[in-house]
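**Student:** Supplied in structure tokens, the structure appears directly below.
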Amino acid sequence: MDQGSGHDAMDQRMGDELSMEEAPGSDLVDPFGRIIRDLRISVTDRCNFRCTYCMPAEGMQWLDRSAVMSFEEIERLASIFVHRYRVEGIRLTGGEPTVRAHLAVLVRRLAKLGVDLAMTTNGATLRLLASELRDAGLKRVNISLDTLDPVKFEQMTRRDSLHRVLDGIEAAKAAGFDPVKINAVIERGVNDDEIVALAEFGRTNGVEMRFIEFMPLDATGHWMSDKVVGQDEIVAAIAAVYPLEQLPARGAAPADRWRYLDGVGTVGVIPTVTKPFCGDCDRVRLTAEGQFRTCLFATDEFDLLAAMRNGESDDEIAARIERAVGTKWAGHQINQVNFVRPNRSMSQIGG
Ligand code: SF4
């Protein structure tokens with residue numbers, strides 16, 4: 001799930017201290033001239049939900065704990081990306097990152113790198129963790145909320161937890177996260193009847209809704225293109241009730257954004273399937289077991305964890321990263337005949 005990144009916040013911060021030219025390190029540039037600035041790190045493949053567009057109710061093969069990157073290993077790789085390659089933003093993902101024990105300890109370590117540190121979460125435990133994560137240095141959160149109907153919520157996540165997510169959203173706001181963004185994956189015939197209600201939720205609660213097109217990354221393989229509700233359809237549904245004005249182009253950030261003409265906030269759509277934005281992509285990913293992926297839909301990956309555990313130096317690992325980025329493709333091929341689904345589901349990659 002390509003979610004929003006804080007380039008605007010980061011440029012401001014970089015402007016204050018050092019321009020990118022003066023910042024130590026060098027740029028990590030892919031074969032298409034795109035500069036990598038955003039690293040997504042999955043800290044676990046486990047989750048306390050079982051969302052239908054992500055994983056089956058039962059039978060997921062979890063990683064053995066010894067196969068998952070330790071906090072030291074995550075911090076080491078993150079510092080290579082930040083100090084050697086000027087990565088500006090790090091987003092923590094999962095599975096569900098908050099099920100990783102002592103997450104605030106990791107956040108505190110990564111915050112020391114001075115990056116724009118964000119997290120994508122299902123929000124179910126934020127009521128307990130929001131202020132601790134905020135104090136540890138987390139800057140922004142995206143919280144998943146695909147329906148406001150408690151019955152449908154339980155059908156979609158296989159958990160009776162809508163109330164916990166709503167409490168989590170309030171806790172995130174109370175902890176001072178701003179903006180709090182809400183991600184909603186829209187699937188035709190499932191929750192596309194709630195687009196306007198979710199938009200209203202954002203307007204009423206002072207949070208920015210991010211509608212995400214359904215992507216072929218579900219573990220059960222039930223994704224079909226006719227289940228995708230595209231950006232144009234989502235925007236038309238909202239604008240029919242709340243007139244919108246499109247905001248300037250996004251740069252590398254995944255979401256197209258609009259402001260409500262009546263001034264009550266903004267709304268975003270991430271059109272990965274119908275309007276791919278790969279041309280400006282600045283993202284790379286690390287899975288929970290340290291596999292380096294140059295694209296969400298990549299079909300190959302590079303084992304940085306084994307490299308670390310085999311005693312390789314930072315120089316050797318950096319060389320692996322550069323070689324890998326040298327293979328980054330122009331973009332996903334979802335709409336093309338040669339599209340091959342990755343052999344991992346969303347929860348095994350991280351949003
Ligand atoms: S290249 Fe891959 S990661 Fe980048 S925007 Fe396209 S799909 Fe997303």
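**Student:** Of Trp62, Ser42, Gly311, whose Cα points farthest to the positive end of the dipole of segment 27-349 (charges on the beta-carbon: +1 Lys, Arg; -1 Asp, Glu; origin at the Cα centre)?
**Tutor:** Result: Gly311, furthest along the dipole toward the positive end.
**Student:** Could I ask something else about it? Report, to the nearest 10°, how far helix 126-136 tilts away from the longest principal axis of the Cα atoms in the chain, using its own Cα long axis and a range of 0 to 90°.
**Tutor:** It is inclined by approximately 40 degrees.
**Student:** Right, here's the next one. For the chain, take the longest principal axis of its alpha carbons; what is the angle in degrees between that and the long axis of helix 162-175, to the nearest 10 within 0 to 90?
**Tutor:** On a 0 to 90 degree scale, this one is about 60.
**Student:** Can you figure out the FRET efficiency of Asp193 with Glu312, using R₀ = 41 Å and their beta-carbon distance, to the nearest 0.05?
**Tutor:** Approximately 0.20, to the nearest 0.05.
**Student:** Now, a different point. Highest GNM mean-square fluctuation, the chain, Cα pairs closer than 10 Å: which of Tyr242, Tyr53, Tyr85?
**Tutor:** Among Tyr242, Tyr53, Tyr85, the largest mean-square fluctuation in the Gaussian network model of the chain belongs to Tyr242.
**Student:** Which one of Ser161, Ser313, Ser26 has the biggest mean-square fluctuation once the chain is modelled by GNM with Cα springs under 10 Å?
**Tutor:** Ser313
**Student:** Using +1 on the beta carbon of Lys and Arg, -1 on that of Asp and Glu, and nothing else charged, what's the dipole of segment 183-243 about the Cα centre, debye to 20?
**Tutor:** 140 debye
**Student:** Moving on. Rounded to the nearest 10 degrees, what's the angle between the helix 314-325 long axis and the longest principal axis of the chain, both from Cα atoms, 0 to 90?
**Tutor:** Helix 314-325 sits at roughly 50 degrees to that axis.
**Student:** Now for a separate question. Calculate the dipole size of the chain relative to its Cα centre from +1 charges on Lys and Arg beta carbons and -1 charges on Asp and Glu beta carbons; express the result in debye to the nearest 20.
**Tutor:** 480 debye
**Student:** Moving on to the next point. On a C-alpha basis, how far is the centre of segment 264-286 from the centre of segment 101-121 in Å? Whole number, if you could?
**Tutor:** Measuring centre to centre over Cα atoms gives 23 Å.
**Student:** Picking from Glu88, Glu312, Glu73, which is most flexible by a Gaussian network model of the chain using Cα springs under 10 Å?
**Tutor:** Residue with maximal mean-square fluctuation among Glu88, Glu312, Glu73: Glu312.
**Student:** Summing -39500 (n - 2.57) over the DSSP H runs of n ≥ 4 in the chain and dividing by its residue number, what mean residue ellipticity at 222 nm do you reach, to the nearest 500 deg cm²/dmol?
**Tutor:** Values: 11 runs with 104 residues, N = 351.
The helix-only estimate for the chain comes to -8500 deg cm²/dmol at 222 nm.
**Student:** Right, something else. At a 1.4 Å probe radius, carbon and sulfur cover how many percent of the accessible area of the chain? Intermediate values should be presented prior to the final figure.
**Tutor:** Working: 7150 of 13990 Å².
Using a 1.4 Å probe with all protein chains present, the chain comes out at 51 percent carbon and sulfur.
**Student:** Separate question: Kindly report the accessible area of segment 27-349 per residue (heavy atoms of protein chains, probe 1.4 Å, no ligands, DNA or RNA), in Å².
**Tutor:** 39 Å²
**Student:** Would you please put 114-121, 125-132, 335-342, 147-154 in order of how densely packed they are, using the mean number of other Cβ atoms within 10 angstrom per residue and starting with the highest? Each step should come with its number before you reach the end.
**Tutor:** On the way: 114-121: 23.2, 125-132: 20.1, 335-342: 10.6, 147-154: 15.8.
Packing proxy ranking, top to bottom: 114-121, 125-132, 147-154, 335-342.
**Student:** Set the Förster distance to 45 Å, then compute FRET efficiency between Ser225 and Glu73 from the Cβ-Cβ distance, nearest 0.05.
**Tutor:** E(calc), rounded to 0.05, equals 0.75.
**Student:** Which residue, chosen from Val180, Gly206, Cys51, occupies the Cα position most advanced towards the positive end of the dipole of the chain, where the dipole is computed from +1 (Lys, Arg) and -1 (Asp, Glu) charges on Cβ about the Cα centre?
**Tutor:** Sorting the options by dipole projection puts first Cys51.
**Student:** Calculate the length of the line joining the C-alpha centroid of segment 161-201 to that of segment 324-350, in whole Å.
**Tutor:** What the calculation gives is 27 Å, centre to centre.
**Student:** Starting at the first residue of segment 218-225, write each ³J(HN,Hα) from the Karplus equation 6.51 cos²θ - 1.76 cosθ + 1.60 with θ = phi - 60°, in whole Hz, x for Gly and Pro.
**Tutor:** Going residue by residue, I get 7, 5, 8, x, 8, 5, 9, 5 Hz, with x marking Gly and Pro.
The values are calculated or read from the model by the stated rules, or taken from the named source; none is laboratory data. What you see is a predicted model; the values in this text were computed from it and never measured. Here Cβ is always computed from backbone atoms with ideal geometry, including for glycine, and neighbour counts include all displayed protein chains. Protein only, heavy atoms only, side chains kept; ligands, DNA and RNA dropped before computing areas. Shrake-Rupley method; radii C 1.70, N 1.55, O 1.52, S 1.80 Å.
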